[in-house]
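Following: one structure in C-alpha cells, then a few remarks.
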Amino acid sequence: MKADTASEPSLLTATGLTRAYRGGKGVFDITLKLAPGEVMGLMGPNGSGKTTLLRLLATAATPSAGQISWFRNANPHDPSVRRRLGVMLDQPAHFDKMTGYQNAWFFAHQFGLADELARDRLDELFRWSGLWDAREQLVSEYSLGMKRKLNLVEALVHRPSILLLDEPTLALDYRAELDLIERLQLLSLTGTAVVLATNDVHLAERLCDYVIFLHDGRLIREGHVPQLLAEVAGSKEVQLQVNSPIALESLRALAAVEAANVEGDTVHIILARGANPAQVLAVLNGTADLVSNMRVRRPNLGDVFLKLTGVALPAVHR
Amino acid sequence: MLAGTIWQRELLEFAQRRRALAIKLAFPLVFGIPLVIAAPPLYAAITLTMLIAIIGALGAGAVLTRERESGLTLRYRTLPVTPGRLLIERLSTSALIDLLQVAPVLVLIGLRHPSQFSWWPALALSTAAVLLIGNLMGAVASTLSDSPGEVMLYVFIVLLPLLFLAGVFTSLTEPALLAVSRLLPFSYLHESLLGALGGQPNLLAWETLLGGFGFLVGAAGLTGRLGRRVLESD
C-alpha cells in the first residue's frame, strides 16, 4: 500500500501555466502539484492540451506565462533538473541509422551513466521490454511499438525522480502494457512520481492516484480517482451502435440521461442512478432497425469526462 | 561500436553509412582533381572556395531539418546538456567530417604546389573556419523551415551574396568593398587557396592565417551562443 503523499514536499509545482499557440490552441492557467510516488493522469480528447502540458513539464517547451518548479528549481535548462526527469514524448524519435542498443547507450550516457552501470541497466531493460533480440537491429527497421518500447527504456535507464510519459501504452501489445503497469506501480512505491498523458481510462484507473481533465487547454476538473468515480457511481453507460443519425437532443431531454454524445457510429449515454436503459430505447421507438448493437457497462473515468463536457474521450483500441 | 557522447555519435553514424561516406569523400575530388591540375589558380580558387562553403552549409542544415521534423530536436531539449554545448559538439564534429571530406583536395594542392608550403597552415585554418561557419549558417537556416529543400534555398540566398562581397567572384578595388570583404571568412579562404595554388593573393600568408584563426574562434563562440536559438526555437 502506498503511503499518503499529500503532506510530502512536491517534486514539481506548476502555477498559472500557459502556453498559447496560434489558432487558440495550447494550455491556459494550469496549476498542479506532484508529490513523490504520486501517479498523475492528464486526460482529455485530442487537442485538449495534454501533450503541450506534458512537454512543458518535461522542459521540452517554454511556457508563455506561469511558472514551473522542479525539485525547487525553476530553471528548465539546468542540467541538474533534466537529469532527474525521464521523458517519453509522443513522437518516438531516434537516430534511425543506429541500432536500438546504440541509441539507448547514447541517451544513457547523456544522463551521466558510466559504462558498466549503463550496460547493466540497459541489459535488464532490454530484456524486460522484449527488445533484447532486436537490440542490434537498426531503429529504422523497428515497428512503432518497438520504437515506443525503446523510448520507455531510454526514459527509465537513469532512474529518474519524475517520469513524464505521453500515451505510454500506445502501440504496445497487451502483455507489454501489463508489464509497464507493473513496473510503474513498483517505481511509484519507491518514490518515483509519474505523469501520464493518456486517454486509456483503464490504464488511468489502474495506475493513477490523481487525474486532471483537460478540455480546450483548460483544467476543467481534477481529483483522486475514487473521488471522481464516485460522481458517476450507480449510473450506467449505455453504448448504442446506430445505423443512421439520431436526434441527440431528444435523448438529452430525458431526465434519466445525464449526458449523451456521438462518436462515429456509437452513441454514448450516461444514465442517472437507478434509470433503466429501456427508457432510452423507448425514445427511439419506431426506429427499431436503427440500433444494431447495445452495451451497458459500469461507468469509468471516460464517463466522468463525458458528464462534465458532453465530449467523449477517444476510444483506445486494444 | 557504441557512442556515449554527441561527437562520438556523429562520427559513428557517419562511419556506419558506407555508401554516403564513399560519395561524400569522392564528390570533392571529382571537382578538385581537374581544378588543381589543369585550371588557372584564380578559377580553381573561386570554385574551391564555393565548393567548401557549400559543403559546410548544406550538411548541417539538411540534417538538423530532418531531426526537427522527426522530433529528435524536441528530445534534445530534455537532455541534461546545455544547448550551446550540444550545438558546438554537433557542428564542430560535422565541420570535422566536412574537413575530412575536403582533405584529399587540400593534400592534392600541397602535392601539386609544394613550394607554396607557407600557405598551408592558413589554408587549413581558413578552410576549418569556413566549414564551421557554413555549418552554423545551415543550422540557423534549419530553424526557418521544416523542408530540407527550402532550407537549402535560404542558405544559397545568403551564401551567394556573401561570396560576392568577399571578393571571390571579382577582384574588389573599391576601399569600402575591400574592407567589407575582410569581414567575411570566405575572403581568407579564397586568398589562402590562391596562395597555395601559386596564384597572386592580395594578402600575406600570416595575415590570412590570422584571419582564418579569428573566424574559427569567433564561429565557435557564436555557435555556443546560438545553441538555444537553433535547438530550442518553437
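The values are calculated or read from the model by the stated rules, or taken from the named source; none is laboratory data. Bear in mind that the values here come from a model prediction, so they are computed numbers and not experimental data. We place every Cβ from the backbone using ideal geometry, glycine too, and count neighbours over all the protein chains shown.
Quickly run through the range B:1-49 and pick out the residues that are over 24 Å from residue B:111 (Cα atoms) and β-branched (Val, Ile, Thr). Those that are over 24 Å from residue B:111 (Cα atoms) and β-branched (Val, Ile, Thr): B:5, B:6.
Can you tell me which residues in the range B:29-45 are in contact with a Gly (Cβ under 7 Å, 6 or more places away or on another chain) and either buried (at least 19 other Cβ atoms within 10 Å of the Cβ) or within 28 Å of residue A:144 (Cα to Cα) (or both)? Those that are in contact with a Gly (Cβ under 7 Å, 6 or more places away or on another chain) and either buried (at least 19 other Cβ atoms within 10 Å of the Cβ) or within 28 Å of residue A:144 (Cα to Cα) (or both): B:41, B:45. Out of B:231, B:159, B:222, one residue alone is touching a residue at least 60 places away in the same chain (Cβ under 8 Å), closer than 26 Å to residue B:84 by Cβ, hydrophobic (A, V, I, L, M, F, W, C) and in contact with a Lys or Arg (Cβ under 8 Å, 6 or more places away or on another chain). It is B:231.
Filtering the range B:56-75 to residues that are within 21 Å of residue B:224 (Cα to Cα) and touching an Asp or Glu at 6+ places or on another chain (Cβ under 8 Å) leaves B:56, B:59, B:65, B:68, B:73.
Right, residue B:90: more than 12 Å from the chain's Cα centre (by Cα), modelled with pLDDT under 95, buried (at least 20 other Cβ atoms within 10 Å of the Cβ) and among the charged types (D, E, K, R) or not? In short, yes. Residues that are surrounded by 15 or more Cβ atoms within 10 Å (Cβ to Cβ) and of a type in the set (Val, Ile, Thr) do not occur anywhere in the range B:9-28. Could you check, for the range B:171-192, whether at least one of its residues is at pLDDT below 90, polar (S, T, N, Q) and exposed (fewer than 15 other Cβ atoms within 10 Å of the Cβ)? Yes, the range B:171-192 contains a residue that is at pLDDT below 90, polar (S, T, N, Q) and exposed (fewer than 15 other Cβ atoms within 10 Å of the Cβ).
Report yes if some residue within the range B:46-67 is closer than 24 Å to residue A:108 by Cβ, surrounded by fewer than 19 Cβ atoms within 10 Å (Cβ to Cβ) and within 12 Å of another protein chain (Cβ to nearest Cβ); otherwise report no. Yes. Filtered by the rule that a residue be within 12 Å of chain B (Cβ to nearest Cβ) and loosely packed, with under 13 Cβ neighbours inside 10 Å, the range A:123-144 gives A:136, A:140.
Let's see how each residue does on (1) more than 10 Å from chain B (Cβ to nearest Cβ); (2) closer than 17 Å to residue B:74 by Cβ:
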| residue | (1), (2) |
| --- | --- |
| A:66 | yes, no |
| A:69 | yes, no |
| A:85 | no, yes |
| A:97 | no, no |
| A:111 | no, yes |
| A:114 | no, no |
| A:121 | yes, no |
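Within the range B:162-187, being under 21 Å from residue B:125 (Cβ atoms) and not hydrophobic (A, V, I, L, M, F, W, C) holds for B:167, B:181, B:182, B:185, B:187. Would it be correct to say that residue A:12 is within 26 Å of residue A:92 (Cα to Cα), modelled with pLDDT of 95 or more and within 14 Å of chain B (Cβ to nearest Cβ)? Against the criterion (within 26 Å of residue A:92 (Cα to Cα), modelled with pLDDT of 95 or more and within 14 Å of chain B (Cβ to nearest Cβ)), residue A:12 does not qualify.
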